[in-house]
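The values are calculated or read from the model by the stated rules, or taken from the named source; none is laboratory data. Please read all numbers here as calculations on a predicted model, not as lab measurements. Cβ sites come from the backbone with ideal geometry, for glycine too, and all protein chains shown count toward neighbours. For the accessible areas, the whole protein counts, side chains as well, though only heavy atoms, and no ligand, DNA or RNA atoms are used. Shrake-Rupley method; radii C 1.70, N 1.55, O 1.52, S 1.80 Å.
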Amino acid sequence: MTNLTNSSIEKPEVTSYKSSGDIEVPDKIIDQIIGQEEAVQTVIKAAKQRRNVLLIGEPGIGKSMLAKGMAELLPPEELQDILVYPNMEDNNNPLIGAMPAGEGKKVVMTYRVKAKSQEEKKNMMMMAVIGAILVVGFLLKQYLIAIIAAGIVLLIIMQMKPRSTVMVPKLLVNNDSKNTAPFVDATGSHAGALLGDVRHDPYQSGGLGTPAHERVEAGMIHKSNKGVLYIDEIGTMQMKTQQELLTAMQEKKYSITGQSESSSGAMVRSNEVPCDFVLVASGNLQVLKGMHIALRSRIRGYGYEVFMKDSMKDTMENRNKLVQFIAQEVKKDGRIPHFSSEAVEEIIHEAQRRTGKKDELTLKLRDLGGLVRAAGDIAKGEGADSVTLAHVLTGKKLARTLEQQIADRYIDQRKTYSVFKSEGSKVGIVNGLAIIGDRSGILLPIAAEAAPAQSKDEGKIIATGKLGEIAKEAVQNVSALIKKNTGTDISNHDIHIQFLQSYEGIEGDSASVSIATAVISALENVPVDQSVAMTGSLSVRGDVMPIGGVTGKIEAAVQSGMKKVIIPESNMDDVLIEERYRDKIQIIPVKTMSEVLENALIGTGKDGLVTKMKKITNIVPAEIIPKPIKPTTH
């Protein structure tokens, strides 16, 4: 079996410690962010200058933590309370007042004391008037008239009661006793929650209605005044809402009005409310397509755009950062024990595996945190004082992604219905390998058949299995390779290629090697060893090119009972399979298509075909490929 070098399978080493409990966790959120040094420095600069920031990257790499960390860096002494006052001249146009944080509550209390004093005076006056009416009535012996008159006066005064409390302002935004600038997560919020709204009031006559200023509700843009407004997946927000958000960013103030045209709140429009926030927007690259051009231009022109990393170099310093991450997760969770040094090393090894590259560590820390909590839950359930290596290994099974669970179920189903075979030989059938989701491997059987061409001009290549654009192009490239490298005239054949049970569709070109092997086997009638699985991209010259997800694919081959797996030689350093799989499969690295056939085909026709391919490949003149021209520098 191929000997995996120590450098490709060794577990990382970290600074000496007994458990993750020995690691100090920073107090500030900005210091807890792992592996995003460039983004952190940009956010620190943006916080000092109050610049907007657009963070682009994969989910779970720390975008929301950066936004929270930025809020901690903003000065809290600038915070304001915002009040809304009644407008005696126009009830539907409430007035707005801003003052230092903590003062708003005092102002409201002052007005309430005055209102209470007015109420008491009015009650005393009411009692005096009613008492006088009753006394006069009884003296004149007009009892019924006196009682009726007292009732009428009482109703009149009761109708006047709301007017005595209308002068009390409403505390719209309260920043009293806050030690840091506001952080408001407006992800997925509708227009009313984001921009503010005015509540509907069905009682609009007879003095029973709620005053307009009391129905005004602050939006998230107002609550984040002097702080950070964070919006994830900003491109999914409606264009009209993005336009309003842009206006608020530019003007730093925004009036509140009812968002529903059928509501009585639509008649109310407040004076402009301060909303001097820093916008931190985020998402992946696809989100940019749905982002308003002017909004993005505003961020780019008056702030920063940051493309965040999803992996970091596998260095001692970065390994120690992952140890800090584990300690942080344990502290944040508060319900799981700390990790032993062996358990931490296994978590770091898993971080290495998830990148698919030997010298990289994943920064998709939300997913890695799921494994930390799963292992911690197992240890907690057993009553263990710390999380051990065994707990982490068990946690890997418990914390499998949906894609991994689906892949396992596919493999079981295919074993049951014998869609593929792991022994013997067949003509035109190859066990390819593919990836579901990010890293879950699965066996992908591919069948090829050569039939007489139906067209008089030339044969066709017909591929089925819900192929994507890249996969279709890969099939066409394979046809060019077969024509050149086998010397076989395929113009008289229709070549049918079927991806078996590819219900979710096929995308990418990593099945190129498998397709070429299946087609050549069908054309030349040479069997393929069914105990061999393979993966790899192909150039039109027959060179085997590197692919992604090699570790997951190899593990899928083992689970499917394969004895050998063919992979691109350039991917050997990326092989990070688990210990339990290493002695169960032979890994064969290859550079060219002729090497693939040499290891995949069996039978009497194999040697002649491989020899013929090598001869044809060797006579291709090097001059066919032009020498690269150095670009002109300006």
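Using a Förster radius of 60 Å, what is the FRET efficiency between GLN586 and LYS240 based on their Cβ-Cβ separation? Nearest 0.05, please. Before the final figure, lay out the partial values.
Numbers: r = 60 Å, r/R0 = 1.01.
E between GLN586 and LYS240, to the nearest 0.05, is 0.50.
What is the set of long-range amide H partners of ILE436 at a cut-off below 5 Å, with H atoms built 1.01 Å from backbone N?
GLY441, ILE442
Listed here are the pairs LYS63/LYS313; LYS563/LYS591; LYS63/LYS397; LYS45/LYS358; LYS68/LYS358; LYS421/LYS472; which of them are more than 22 Å apart at the Cα? Can you show the working numbers first?
Values: LYS63/LYS313 20 Å; LYS563/LYS591 20 Å; LYS63/LYS397 28 Å; LYS45/LYS358 33 Å; LYS68/LYS358 32 Å; LYS421/LYS472 26 Å.
Listed pairs above 22 Å: LYS63/LYS397; LYS45/LYS358; LYS68/LYS358; LYS421/LYS472.
To the nearest 0.05, how large is the calculated FRET efficiency for SER260 and ASN93 if R₀ is 25 Å and r is the Cβ-Cβ distance? Walk me through the numbers before you get to the answer.
Working: r = 19 Å, r/R0 = 0.75.
Result of the calculation: an efficiency of 0.85.
Of THR236, THR517, THR315, which has the most accessible area and how do the rest follow, probe 1.4 Å? Walk me through the intermediate numbers first.
Values: THR236 110, THR517 0, THR315 55 Å².
Heavy-atom accessible area, descending, gives THR236, THR315, THR517.
Could you compute how much accessible surface ARG373 exposes when probed at 1.4 Å, giving the result in Å² to the nearest 10?
Accessible area, nearest 10 Å²: 80 Å².
So which chymotrypsin sites (Phe, Trp or Tyr not before Pro) in the range 239-346 end up in coil per DSSP with only 16 or fewer other C-beta atoms within 10 Å?
Working: sites: TYR254, PHE277, TYR302, TYR304, PHE307, PHE325, PHE339; in loops: PHE277, TYR302.
Taking the range 239-346 and a limit of 16 other Cβ atoms within 10 Å, the loop chymotrypsin sites (Phe, Trp or Tyr not before Pro) found are TYR302.
Under the Kirkwood approximation for Rh and a Cα-based Rg, what ratio Rg/Rh is obtained for the range 247-319? Walk me through the numbers before you get to the answer.
Working: Rg = 19.3 Å, Rh = 16.1 Å.
Checking Rg against Rh, the ratio lands at 1.20.
Can you count the Lys pairs in the range 191-291 whose Cα atoms are under 14 Å apart, with each pair 8 or more apart or on different chains?
Working: LYS223/LYS252; LYS223/LYS253; LYS226/LYS252; LYS226/LYS253.
The result is 4.
Can you give the relative contact order of the range 320-375 as a percent, counting alpha carbon pairs under 8 Å and 6+ residues apart? Please report the intermediate quantities before stating the final value.
On the way: 35 pairs, mean separation 19.9, N = 56.
Relative contact order, the range 320-375: 36 percent.
Report, by chain and number, residues whose modeled amide H sits under 5 Å from the one on PHE277, excluding near sequence neighbours (fewer than 5 apart, same chain).
LYS226
Assuming 0.36 nm per residue, please report the length gained on full extension of the stretch ALA115 to VAL540 beyond their Cα-Cα distance.
Values: separation 425, 0.36 × 425 = 153.00 nm, distance 8.58 nm.
Full-extension gain reported as 144.4 nm.
Quickly work out the LEU144-to-GLU272 label distance, labels modelled 7 Å from Cα along the C-beta direction, and quote it in nm with one decimal.
Going from the GLU272 label point to the LEU144 one covers 6.5 nm.
Net charge within 11 Å of LEU172 by Cβ-Cβ distance, Lys/Arg positive one each and Asp/Glu negative one each, not counting LEU172 itself?
Values: positive: LYS170, LYS223; negative: ASP81, GLU214, GLU217.
Here the charged neighbours net out to -1.
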